[in-house]
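Each remark here refers to the structure printed beneath this line.
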Amino acid sequence: MSSHAATIDHHHDVTTSTGIPNKKLFMWAFLASDCMFFGALISTHLIYRLHPPPGSPSPQKIFSIELTSFSTFILLMSSLLMALAVNAIQKSHIKSTRHNLLGTIFFGLIFLGCQVYEFTHFVHEKGLTLSNSLFGSTFYTLTGTHGCHVAIGVLWLILMYIRSFKPADAEAGRPWLAVAFFHFLTFVVTIVAGMATVLGYFHARQLHEPLGQFVGQNLLAVGTSIVGLAILAFLGRSRVPVEFGEANAIDVESMGLYWHFVDIVWIVIFTAVYLLEYL
Amino acid sequence: MDANTDTPAANSGHAHSKFHTFVQIAMILSVITGIEIVLVYLPFAKWLIISTLVILSAVKFLFVIFYFMHLRWDKVFCTILFFIGLVLALGTVAALLALFGADASQPLTSQITQAHASASLVG
């Protein structure tokens, strides 16, 4: 660690008397406070696990180590892509930044999809709800709060990705706003339809339904996903010079700090909440 | 990493090595996660497995904050700021676990159940 390593803190941002850009300082202060927030949630879960009331559910029979391990791996890989996105924007490689941001969004969505699947499975098949046991209350509160953090991170990533298309020409700014709004709307619709398609597919596989029957039953979701992806690919083409560049490195870096924090919280949750139950 | 290398060639090399560093760290983190998963199924003492899991998680945590989150290359104040929150959080967790891990903090429902169990044994 070097206190005079001026490699990152010089990206066109107003610096404080500490020499650290405001945005980065704010983010580190926020993450420090978020540590305490998650610390409280994790300890609450662990304390109630110390003294389970009579009739408590057995977590070993509820959890799926395969799914959780897969989610952990996905989140780790999304962290790698986020780090590469920051690295790329610091070198003004816009295209590479966009690709890495898209990869991070995709992996973040896979993680969220796994969590939606996990929660649905726990509630409907294992009978673990938010209110029928202390374990359920603390488990859903902790992992749900983390999931909300991931969802906010994905939303932030999408907004940053769309922002990277803002034209350098100021006069083109007003129509760009409409295009950006349409871009965002397409993202939201495609994500919702895509998740419905994927979760529907896994549900159909569990019921051993043929592919044709699945497509027939989910025609709207499948069609919307395909059309949405095609529009996103069209909007993702870069035609004019853009405003986004090395000057925005600090914005991407702040967002990256938030995303990595979500990853380290999951590292702790994976061990403290899931793995410890298998001992 | 040498922070005093400002020539374009040196910067290019620096960035290049950073890319490889990130990829290598992601691989290390994946391997550690794999070891953690296998570890819980091994027939070792519980205290040994829990200690190893805590150490491995701490290693993963430190790798992410110092490399992916750039603390290694940032000003030391960022590290101090984050560790203030982290130490307070860890202190809270440790204090709560110590308090509620004590026998005196057994919930009433457990005591009643135990009393019923011993009464039925005597009876």
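Just so it is clear, none of the values below were taken in a lab; they were calculated from the coordinates. Bear in mind the structure is a predicted one, so any value in this text is a computation, not a measurement. Using ideal geometry, Cβ is built from the backbone for each residue, glycine included, and neighbour counts are taken over all protein chains shown.
Close Lys pairs in the protein assembly as shown, defined as Cα atoms under 19 Å apart and 8 or more places apart or on different chains, number 10. Note on the range A:217-279: with charges restricted to the Cβ of Lys and Arg (+1) and Asp and Glu (-1), its dipole about the Cα centre is near 360 debye.
Dividing the mean sequence gap of close Cα pairs (under 8 Å, 6+ apart) by how many residues chain A holds gives a relative contact order of 31 percent. Close amide H partners of A:Val242, meaning residues 5 or more places away or on another chain with modelled amide H under 5 Å apart, are A:Ala168.
Restricting the calculation to alpha carbons of the range A:190-271 gives Rg and Dmax of 19.2, 52 angstrom. Rounded to the nearest 10 degrees, the inclination of helix A:249-269 to the longest alpha-carbon principal axis of chain A is 10 degrees. Size descriptors for chain A, from the alpha-carbon set: Rg then Dmax equal 21.4, 68 Å. Our coupling estimate for the range A:95-103, obtained by passing each phi through the Karplus curve with A = 6.51, B = -1.76, C = 1.60 and θ = phi - 60°, is 4, 5, 4, 4, 4, 5, 5, 4, x Hz, Gly and Pro reported as x. Counted over all Cα-Cα pairs of the range A:161-238, pairs farther apart than 22 Å make up 40 percent. Shown in residue order for the range A:69-80 are the 3J(HN,Hα) couplings computed by the Karplus curve 6.51 cos²θ - 1.76 cosθ + 1.60 at θ = phi - 60°: 5, 4, 4, 5, 4, 4, 5, 5, 5, 5, 5, 4 Hz (x for Gly and Pro).
Calculated over the range A:58-170, the projected area of the Cα convex hull averaged across directions stands at 8.3 nm².
Relative to the longest principal axis of the Cα atoms of chain A, helix A:173-206 runs at roughly 20 degrees.
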